[in-house]
Structure formats: C-alpha cells, structure tokens
Amino acid sequence: MLEKDVEQHYGGCSSDLEEKILGTLRQKGKDIHNLKLADLSDLDELHLLKQEATGEMASLLNLRPETRVLDAGSGLGGPSRFIASEYGCYVTGIDLTGEFCEVARSFARRFGLQDKLSYLQGTVLDLPFEANSYDVVWTQHASMNIREKVLFFSELARVLKPGGFLACFDIIAGSGEPVVYPVSWAESEKISFLASQEDQLQAISQSGFEILSCDDRSQKALAWLEAVLEKQLNEEETASLTYKLLLGERMNTMMSNQIKNFQTGRTKVVQIIARKPDEEMSFIE
Ligand SMILES: C[S@@+](CC[C@H](N)C(=O)[O-])C[C@H]1O[C@@H](n2cnc3c(N)ncnc32)[C@H](O)[C@@H]1O
C-alpha cells in the first residue's frame, strides 16, 4: 500500500518520461543521436548536489572494473551510469517505480552500457538476490520513503559480501521540528520517514554494519538548492528539469520548502560510509 503511494508519487504524474527528457534535450540544442552522459547529468540524478555528490561518494569506495554494485532505489539510473562509465564496474539497480526502470534500461542501451547495467522493478525491502553477492551497496535519497529502516539496511547487509562497503546519501531529520511539506520526496508525511542522525546510524549498525564516516553536507546542499531555485524562478535554466517533469507546477513550492527545512535545521543531508565486517579478517587480526 505504502509502496504503491511511493510509486504513484514518483511515477504517477508523467508518462512517456523518456520522450519528454529527450524532447527537452532537443530544445537545449543537443543532438539526441549523439548524446554524452554529461548532457544528461542535470536531468537524471534525483538527489541534492547531483553528480557532485555521486562523484564524491564513488571516489571513497575503491571501485574497480570487476566491482559489483547494487544501487537501491536507482531512479532514472543517472548515478549507476556515472559509476559504470567512470570506473567500469557492474551495477544492478532496483526501484519501485516501473517507468524509472524502463527509462534507465533504455538509457543504458543508448550509451552502450547495457552489459554493465541492469535494472529491475521491485522493493529494496525484499531483495531478490543471493546473500554475499555485491561488493558495494549504494543508496541515495531512497530511505526517506522507507519506514522500516532496519529491514532496509539488513537486506543491504545480507546481499553485501563481508568486507564490502555501504554508501548512503540521504536526507534525515534535524532539529525535530516538523518538516514543511510538500517536498520533492513526499507531498505529506504519509510517505516520508526521516530518521534522526542518531537513529539512522543506529539502524545501520543494528543491521550489521560498522560505521566508517558520517559527513554532514547540509550547508553545501542549501547553497546549491538556493542557486537552483533562483535559476528556475528566473527561468534561465530548468536546472531540476526532471523533477519538474515528474512533479509539475508543485516543483517550485517543493524546492522553497526544502530550502526552508534546511535553513531552519528541520532537515539535514548526510553521506554515510559503512562496512560489513569481514569475520575471517577480524579473526586473523
Ligand atoms: C529521490 S529518488 C532517487 C533516485 C536515485 N537514487 C537518484 O539519486 O537519482 C528515490 C527513489 O527511491 C525509490 N524507492 C523508494 N522506496 C523504495 C523501495 N521501498 N524500494 C525500491 N525503491 C524505492 C523511488 O521509486 C525513487 O525512484
């Protein structure tokens, strides 16, 4: 039921999303038969700080061509395409929103990355993968829609190989003051489940991970949001264009509310890196 609401939130307002994205690129003067990944980078990363956040997190994970990554809540596939093309690794994406998975598959083919990338529609709360099958589990801006945090992180821990990394970039609760809605991940608190930093870290540890770092990116994200909104209001550039396609006219209100939430400390955004202990290694140590 909740999952239907989440899928409806992301996928319910826009059909023919791929066509619409390509149409926008055409309008921007891009040759859609010779697209470069960079042409899409403003459009296909559905999180704060977009590729800057993805590039920074990826640089911490020792990614190599043979690395197998799971992207939990993979959206339109922007982060996975970036990782596969920069590092050559294999990425599987899983996402509730069917249309996002279709667009992600189609863009993987368009960029000749179909051997490295695969996407399936499903819930991250019941992963259809064997235990110990990934080297890295990656997630950005999905846990905000997930009530069962320990189940979520336990599923990620189950499919991760011992010694592998968990990388998360998520909006969390700040001061405890109520969040102002609507925001880009939820119209109301019905599908929004922000944990405090302490509870998020606790859920990750309880799920079997050892926390390596937790970095607050709120100030950077606030400055970025303010710049994006200003551009949008001046209609210089549709900086968060895919969100606009998905969320329509509500977009500017959502962005203003997000700015309000960061300015008043109601929300924070953190990058967390954790590791699944390698029991054999600890034994030897
Ligand atoms: C804000 S988007 C972020 C997408 C992508 N991670 C990115 O950063 O570009 C959140 C995504 O999480 C997905 N999602 C939320 N809850 C999920 C769940 N329980 N299982 C799978 N996907 C989920 C949504 O469908 C949506 O595509």
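The values are calculated or read from the model by the stated rules, or taken from the named source; none is laboratory data. In this text the structure is predicted, and so the values were computed from the model without any measurement. Cβ placement follows ideal geometry from the backbone for every residue including glycine, while neighbour counts extend to all protein chains displayed. We work out accessible area using only protein heavy atoms, side chains counted, and drop any ligands, DNA or RNA first. Shrake-Rupley method; radii C 1.70, N 1.55, O 1.52, S 1.80 Å.
The simple Förster model, with R0 at 30 Å and r as the Cβ-Cβ distance, assigns GLU148 and ALA227 a FRET efficiency of 0.30.
Counting only residues at least eight positions apart within a chain, or on another chain, the lysines with an alpha carbon under 22 Å from that of LYS20 are LYS28, LYS30, LYS36, LYS50, LYS231, LYS244. Please list log₁₀ I(q)/I(0) at q = 0.12, 0.15, 0.19 Å⁻¹ for region 97-253, using the Debye equation with identical point scatterers on the alpha-carbon positions. Those come out to -0.67, -1.04, -1.41, one per q. Just to verify a number: FRET efficiency for THR264 and LEU60, C-beta to C-beta distance, R0 = 25 Å, to 0.05? The formula returns an efficiency of 0.25 here. Computed over region 108-168, the Cα gyration tensor eigenvalues convert (square root of 5λ each) into semi-axes of 21, 15, 11 Å, ordered from largest to smallest. The distance between label points at GLN121 and LYS220 comes to 3.5 nm (points 7 Å beyond Cα on the Cα→Cβ vector). All Cα-Cα distances of the chain, cut into 5 Å bins from zero to the largest, leave 1, 5, 13, 17, 20, 18, 13, 8, 3, 1, 0, 0, 0 percent in each bin in turn.
Element breakdown for the chain at a 1.4 angstrom probe: carbon and sulfur atoms account for 48% of the accessible area.
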